[in-house]
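**Student:** Starting off with a structure, shown below.
The values are calculated or read from the model by the stated rules, or taken from the named source; none is laboratory data. The shown structure was predicted, so the numbers you read here are calculated from the model rather than taken from an experiment. So basically every Cβ, Gly included, is an ideal-geometry build from the backbone, and we count neighbours across all protein chains shown.
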Amino acid sequence: MHFLSFTLILLLQMTLQTELHGAKWTYNGPEGEHHWSKRYPYCGGAFQSPIDMKSELLRFDPTLRPIEVQNYNLSPNEQLTLGNNGHSVQISLPSKMYISSLPHRYTAAQLHFHWGSSSRPAGSEHMVNSKQYAAEMHVVHFNSDKYPNMSVAIDKSDGLAVLGVLIEVGEFNPAFEQFLKFINGIKYRDQRVQVPGFNIRPLLPARLDEYYRYDGSLTTPPCYPSVLWTLFRNHVTISRKQFLALATALYSSRAQDSDPVPLNGNYRKPQLADSRVVLVSFNEGRGLHGTLTVTSPLRRKRIIQQLLVGDLADLADEGLSQLLPSGSETLHAGKKKDLKDQQSETLAKSKQQTLYPSSWKKSQTDRSVGKLGLAEDALCYSSLEQRVFQQLKLSHTENKLVQALRDEVFPELNLKSYLDCRSELSLPAIRHILRGRPTDEAFELDRSLTKALMNQRRISPAIKQSVPMTKDGSLPPATVPRKPHSQGYPHPWLLPMEWED
């Protein structure tokens, strides 16, 4: 009987996985990206990739180190597998290749490409100020300090690190020819050939110290938000003939299929920023003048502690406006002096509240931080997906899976990313913290936020046009109006508190 129950559970789990993760997806048509979330709920969720690297999202971070890659120069005696998986050209990479300049060791697994078509040679996934390049290469690495292989790491919030390279049509590139000369051997889906090892390093730009950095996702199903993205600022070039080898020689269908389907235009469209910012390692030119450096991680941790255990009445009256996008962090360069004064005041107040907490407050903070996923424990997306699905199945609301996952995951991703300086602190994340504080002040502040979220729909048309909402209901960091006309509050959503000091 016990064996029968175990078998039944196993079959249910397998059925669930098949139901959620069907094998078929395409970039266009009935299985195209607009329909991915039906089978892969995270594709409609938070912190998705790619994004458009617009100037207003960029923040200079002087602590970003140059990317250092190890053992990228492979011997011709090493055999690599070049394959057509129906979605892209992919090259397997040996585990001796790794990135050494990140907090964890990230070991190489594979590299692949996204490209346009012969009639439209624009197929990069990421854009820079809305400019789309001809193609893009992704070198995928997994966190080998914490996980044994790519399969285990793929759905963990700290599981993957991807190096992105933008590709433009221009001069002939001998490094790309090392594998393109074998491309006729993989014309159809599921075909593979062995190719001699070669130096992978020249596939990357010459400069590895200039790049964009943000928290994002896989750009293909299942779209887990598990990727630390590094997109190099400088592109590489390939010749038109080399580009056409990618764009015209391959098929996404199998050799035996009667109706061959060309493999091109295999790129996902840009996704919402979701309160994220993009850290950059360079601070000159290209629209970065007037962009402030990011605030310190120490200050961000103090802000979280203040929300967890601080005096919420004082926070609402005086300090909350500095925690959010329209506060000090998005002032223009000309206001740096004011910013310094505001930061000094906030830090002084934070020190009083966080450096000398009572013992019960400190233990409560530690427990809350762990509960919110801000400690070392990584979020596991596949288990979270199954748990949410089962809960919804019990209430017969399976069709709400995408939104439920987004509501569950967004606050924790936002907080984690905020502490690493890669996002602004968003309203849903603040409300998520407040729910863990069973006090009258927390209740009142949460109620005020709830009213404000409802009132966002009633913002005047002029403000609506100049301030677009993000998908989670918060205001984009760089576009929140400094002085909204309504009520004179520092935020259009910040309402007067309903308690007395």
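**Student:** Being surrounded by fewer than 20 Cβ atoms within 10 Å (Cβ to Cβ) and in a helix (DSSP H, G or I) is true for just one of Asn414, Asn399. Which residue is that?
**Tutor:** Answer to the check: Asn399.
To keep it simple, each residue is scored yes or no on (1) outside any loop (DSSP other than H, G, I, E, B); (2) under 25 Å from Ala108 (Cα atoms); (3) under 16 Å from the mean Cα position of the chain (by Cα).
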{"residue": "Pro222", "(1), (2), (3)": "no, yes, yes"}
{"residue": "Leu228", "(1), (2), (3)": "yes, yes, yes"}
{"residue": "Leu244", "(1), (2), (3)": "yes, no, no"}
{"residue": "Arg254", "(1), (2), (3)": "no, no, no"}
{"residue": "Asp257", "(1), (2), (3)": "no, no, no"}
{"residue": "Pro260", "(1), (2), (3)": "no, no, no"}
{"residue": "Asn264", "(1), (2), (3)": "no, no, no"}
{"residue": "Lys269", "(1), (2), (3)": "no, no, yes"}
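**Student:** In the stretch 173-188, is there at least one residue being touching a Pro at 6+ places or on another chain (Cβ under 8 Å), under 27 Å from Asn264 (Cβ atoms) and of a type in the set (Gly, Ala, Ser)?
**Tutor:** yes
**Student:** Here are some residues: Phe182, Phe172, Phe176. Which one is in contact (Cβ under 8 Å) with a residue 12 or more places away in the chain and under 14 Å from Gln90 (Cβ atoms)? Write out each step before concluding.
**Tutor:** Working: Phe172 fails: under 14 Å from Gln90 (Cβ atoms); Phe176 fails: under 14 Å from Gln90 (Cβ atoms).
The unique qualifying residue is Phe182.
**Student:** So, in the stretch 143-166, how many residues would count as being of a type in the set (Lys, Arg) and crowded, with 23+ Cβ neighbours inside 10 Å?
**Tutor:** Number satisfying all stated conditions: 0.
**Student:** Among the residues of the stretch 88-121, which ones are under 20 Å from the mean Cα position of the chain (by Cα) and in a loop (DSSP other than H, G, I, E, B)?
**Tutor:** If the condition is that a residue be under 20 Å from the mean Cα position of the chain (by Cα) and in a loop (DSSP other than H, G, I, E, B), then Ser101, Leu102, Pro103, His104, Arg105 are the ones that fit.
**Student:** Against the condition part of a helix (DSSP H, G or I), on the phi < 0 side of the Ramachandran plot and either modelled with pLDDT of 85 or more or surrounded by 15 or more Cβ atoms within 10 Å (Cβ to Cβ) (or both), how does Ser363 come out, does it pass? Walk me through it before giving the result.
**Tutor:** On the way: part of a helix (DSSP H, G or I): yes; on the phi < 0 side of the Ramachandran plot: yes; either modelled with pLDDT of 85 or more or surrounded by 15 or more Cβ atoms within 10 Å (Cβ to Cβ) (or both): no.
Against the criterion (part of a helix (DSSP H, G or I), on the phi < 0 side of the Ramachandran plot and either modelled with pLDDT of 85 or more or surrounded by 15 or more Cβ atoms within 10 Å (Cβ to Cβ) (or both)), Ser363 does not qualify.
**Student:** Does Phe172 qualify as being among the hydrophobic types (A, V, I, L, M, F, W, C), over 28 Å from Gln256 (Cα atoms), surrounded by fewer than 16 Cβ atoms within 10 Å (Cβ to Cβ) and not assigned by TED's automatic domain parsing to the domain that holds Lys416?
**Tutor:** For Phe172, the condition - among the hydrophobic types (A, V, I, L, M, F, W, C), over 28 Å from Gln256 (Cα atoms), surrounded by fewer than 16 Cβ atoms within 10 Å (Cβ to Cβ) and not assigned by TED's automatic domain parsing to the domain that holds Lys416 - is met.
**Student:** So which of Glu78, Glu125 is under 30 Å from Glu408 (Cβ atoms), at pLDDT 95 or above and of a type in the set (D, E, K, R)? Walk me through how you get there before you give the answer.
**Tutor:** Numbers: Glu78 fails: under 30 Å from Glu408 (Cβ atoms).
It is Glu125.
**Student:** Next question, about the same structure. Can you name every residue in the stretch 366-393 that is modelled with pLDDT of 50 or more and among the hydroxyl-bearing types (Ser, Thr, Tyr)?
**Tutor:** Tyr381, Ser382, Ser383
**Student:** Among the residues of the stretch 178-218 satisfying the criterion of being outside any strand (DSSP E or B) and basic (Lys, Arg), which is nearest to Leu419 (Cα to Cα)?
**Tutor:** In the first step, residues of the stretch 178-218 are kept if they are outside any strand (DSSP E or B); the result is 178-191, 197-198, 200-210, 217-218.
The next check asks that each one be basic (Lys, Arg); those that pass are 181, 187, 189, 201, 207.
Numbers: Lys181: 46, Lys187: 45, Arg189: 42, Arg201: 32, Arg207: 28 Å.
Restricting to residues being outside any strand (DSSP E or B) and basic (Lys, Arg), the top hit is Arg207.
**Student:** Identify the single condition in (1) of a type outside the set (D, E, K, R); (2) within 22 Å of Lys241 (Cα to Cα); (3) not in a loop (DSSP other than H, G, I, E, B) that Ser151 does not satisfy, given that it satisfies every other one.
**Tutor:** Ser151 satisfies every listed condition except (2).
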